[in-house]
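The values are calculated or read from the model by the stated rules, or taken from the named source; none is laboratory data. As the structure is a prediction and not an experimental result, all values here were calculated from the model. When we count neighbours, we look across all protein chains shown, and the Cβ atoms used for this are built from the backbone with ideal geometry, even at glycine.
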Amino acid sequence: MGSPVASVWPSGHTVLDAQLPGGGWPGHGLTEILCAHSGALEWRLLGPMLRRVCAAGHSAVVVAPPWVPHLPGLQQQGITERDLVWVQAQTAAERLWSAEQLIKANACGALLVWLPQVRAAQVRRLQVLAAGCEAPVFLCRPASAAAESSAAPLRLLARVGADWTLQVDIVKRRGPPLQQTLQLPSVPDGLADMLTPRLQLPSALRVPRGSGDVVVSPAAPHRRPSLAH
C-alpha cells in the first residue's frame, strides 16, 4: 500500500494552500465542499490532491457522485481505474452508512461522499469519526448549505470564475476568517493541451460594446457524453 497517509495533503493550488490551516487538505477531520452544481467542480478542486494520494499507492473512494466518473479525464490527472473505488449508494441512509464504515475502517487514501441532504447531527457524527481517520474526508453538499451551521472545521464554497478559474470562498476554517475570494487557475481536464493562448483568456476576446462593435464569445467546451446518469 505504500507509505502511511500524510496528515496534510497539499491541494495543488498554491494560493489555496497559503490559506488552509497546515498548508493543505487536512486528515483527522471533515472538510465540506459546497458547490451550486455538484459533480464537476469538486473534481477540478480536489483533482491535484487525488493524484498525489494515488501516486502514494492509496485508493480514492467516491460515494454516490451525481455523475458517472469520467475515466479518461481522471487518467489524464494520473488516476487510473485501479486507483478509484466508486460506491453506488442510492439513498441518503445508504450514503451515510457507507461513509461511516469507510471512515471507521480508515481504509482509503481519500474519501469523497455526496450528501445533498444531511442533518446537522449526522454531519457532527461524521466529523467525530473523521477525527480518528488519517485520510482527508470530504463531504460534498449544495452551495445553499453555506448558510447552515456545520460541525465540519473546514468549509469551502466553490464556483466557476472567469478564464478557466475557480472562485473559492473559505466559509469556515480554524483561525481568523478569510474575507477575500480566492481565484484558482483550473483548466478542466483534457482542455489544457487544446486551448490556444487566446482561448486560455476568454475574457480578452470580448470587444467593448459601441457603435459597430461586436462581442465575440468563445464556444462553450463540448460536454463529455459519458457524464450522464
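Looking only at region 151-172, filter to residues that are of a type in the set (D, E, K, R) and in a strand (DSSP E or B); which one of those is surrounded by the fewest Cβ atoms within 10 Å (Cβ to Cβ)? Here the residue is R159. Against the conditions (1) modelled with pLDDT of 95 or more; (2) in contact with a Leu (Cβ under 8 Å, 6 or more places away or on another chain), I79 satisfies every one except (1).
Per-residue answers, yes or no, for (1) over 21 Å from L129 (Cβ atoms); (2) surrounded by 16 or more Cβ atoms within 10 Å (Cβ to Cβ):
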{"position": "G12", "(1), (2)": "yes, yes"}
{"position": "G27", "(1), (2)": "no, yes"}
{"position": "H58", "(1), (2)": "no, yes"}
{"position": "P66", "(1), (2)": "yes, no"}
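Here the condition is being of a type outside the set (D, E, K, R), assigned by TED's automatic domain parsing to the domain that holds A143 and either more than 24 Å from Q167 (Cα to Cα) or without any contact (Cβ under 8 Å) to a residue 40 or more places away in the chain (or both); of P72, P66, it holds for P72 alone. Residue count for region 23-48 under the criterion of being among the aliphatic types (A, V, I, L, M) and in contact with a His (Cβ under 9 Å, 6 or more places away or on another chain): the result is 1.
For (1) among the hydrophobic types (A, V, I, L, M, F, W, C); (2) in the same structural domain as K172 (by TED's automatic domain parsing); (3) within 24 Å of L84 (Cα to Cα), each residue gets a yes or a no:
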| residue | (1), (2), (3) |
| --- | --- |
| W114 | yes, yes, yes |
| Q122 | no, yes, no |
| Q127 | no, yes, yes |
| G132 | no, yes, yes |
| V137 | yes, yes, yes |
| S144 | no, yes, no |
| A147 | yes, yes, no |
| S150 | no, yes, no |
| L157 | yes, yes, no |
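Note on region 78-118: residues that are assigned to a loop (DSSP other than H, G, I, E, B) and surrounded by fewer than 17 Cβ atoms within 10 Å (Cβ to Cβ) total 11. When each of V68, V61 is tested for being within 16 Å of the chain's Cα centre (by Cα) and at pLDDT 95 or above, the lone residue that passes is V61. The selection criterion, being hydrophobic (A, V, I, L, M, F, W, C) and either more than 14 Å from the chain's Cα centre (by Cα) or closer than 18 Å to G12 by Cβ (or both), holds for V85.
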